[in-house]
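Throughout, read-outs are computed from the coordinates displayed, never taken from laboratory work. These figures come from a predicted structure and were not determined experimentally. Neighbour counts are summed over all protein chains in view; Cβ atoms, including those assigned to glycine, are modelled from backbone coordinates with ideal geometry.
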């Protein structure tokens, strides 16, 4: 407590200089525009960073070769080779570098995942081996997801600091704390996560959230709560899903129901286990760095500007580049092999075995009780989304009953915790959650979302 009080006095006694204020304003305005301002794009809206990502994706698709897919192959190969070198020879340049040593000294589970991912990516890229591994519905789909992440993470890793390192989160956090904390039990600065995700992309919000935990601005419970509740899919992706399942002519009401449902779920889930049981402790390396309390005699706006200015003063381009490089290398040398391995395995189970039809029987009964037509046929969509967000809409696309497609499409979008998107990003961070936490919250979101979406659909939509 004394440390916080001392930090508060220092900020009060040392007025922030004008250059730091301007640095905060310019960087935050640029970051806010890139990540938070929706602009017309084609037949829908997107945020500027989405256009930048599309542009980078276009650059990586040459006439004769898909450079993004080749980069995935190169990243996984390099990651596997360096892991072997570190395990066998233990070179000093890896052993004495904390980040590299952590990266190339995986646990047994992740070590296996790394080499399984290596085998799968070579089968898919060079088109050899069993069809159930290399097909477009399994390994091919995961290579597509991984290729998309190449451009997404490249842009996010080096531009996200405009939102996190130059003061806008401190500024917004002070101003909206009294609204956000009572509703969602998290700091005011998390409003930026929410806006970044709902206007941008779920993986962007997950990267932002885990990064904020590792810098000491969220507790473990807060980081888990934010990443599992605010990392909603983007407006453009929601439109793509609506079009895929044939309800794009009702997109406005479809997205409104998703927003209302997301709001209700974000208010409920933090108040029940397992999220409510995760400790409010801070990252051991960074310690607690946040203080949104306003000192006596200082207005809310003055304190918000003061904190933002001091935060901007500490930020530098060099730090931004180092942070971006660390995020990018962690994603592609550590995360992508796991996406290829486990994403493909789960898709094989979905496409070539009856396991999801069997374990989804309780959801069939649940959907029948709620009056959802075709419960038996669509029940598996309630579970398969845990693996990847693309699977449920693909399964719903040809289902003949529009009302069922509408309800289940919106409900699966509200699940949020897709392992190939949000799940693995959270697991690979220092946030103390495991697969069990993720799966239980996924089930809770699903169980609550289906009747909630059904109720809103009955009230607001005519078929």
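When a/c reaches 1.5 or more, the comparison of a/b and b/c decides; with that in mind, is region 45-120 rounded, prolate or oblate per its Cα gyration tensor? Taking the square roots of the gyration eigenvalues as a ≥ b ≥ c, region 45-120 is prolate.
Give the calculated FRET efficiency between residue 90 and residue 178 to the nearest 0.05, with a Förster radius of 60 Å applied to their Cβ-Cβ distance.
Working: r = 53 Å, r/R0 = 0.88.
The pair residue 90/residue 178 has a calculated efficiency of 0.70.
Shape class for region 275-370: oblate, because the ratio a/c of the largest to smallest gyration tensor axis (alpha-carbon atoms, square roots of eigenvalues) is 1.5 or more and b/c is at least a/b.
Averaging 1/r over every pair of different alpha carbons in region 86-157 and inverting the result gives a Kirkwood radius of 14.3 Å. Peptides 140-150, 259-269 ranked from most to least packed by the mean count of surrounding Cβ atoms within 10 Å: 140-150, 259-269. If you sort the three axes of the alpha carbon gyration tensor as a ≥ b ≥ c, you get a/c of 1.5 or more for the chain and a/b no higher than b/c, which makes it oblate. If R0 is 41 Å, what FRET efficiency do you get for residue 288 and residue 460 from their C-beta distance, rounded to 0.05? For R0 = 41 Å, the calculated efficiency reads 0.45.
What is the packing order of peptides 62-71, 363-372, taking the mean over residues of other C-beta atoms within 10 Å and listing the highest first? Walk me through the numbers before you get to the answer.
Details: 62-71: 13.6, 363-372: 16.9.
Most protected by this proxy first, the peptides run 363-372, 62-71.
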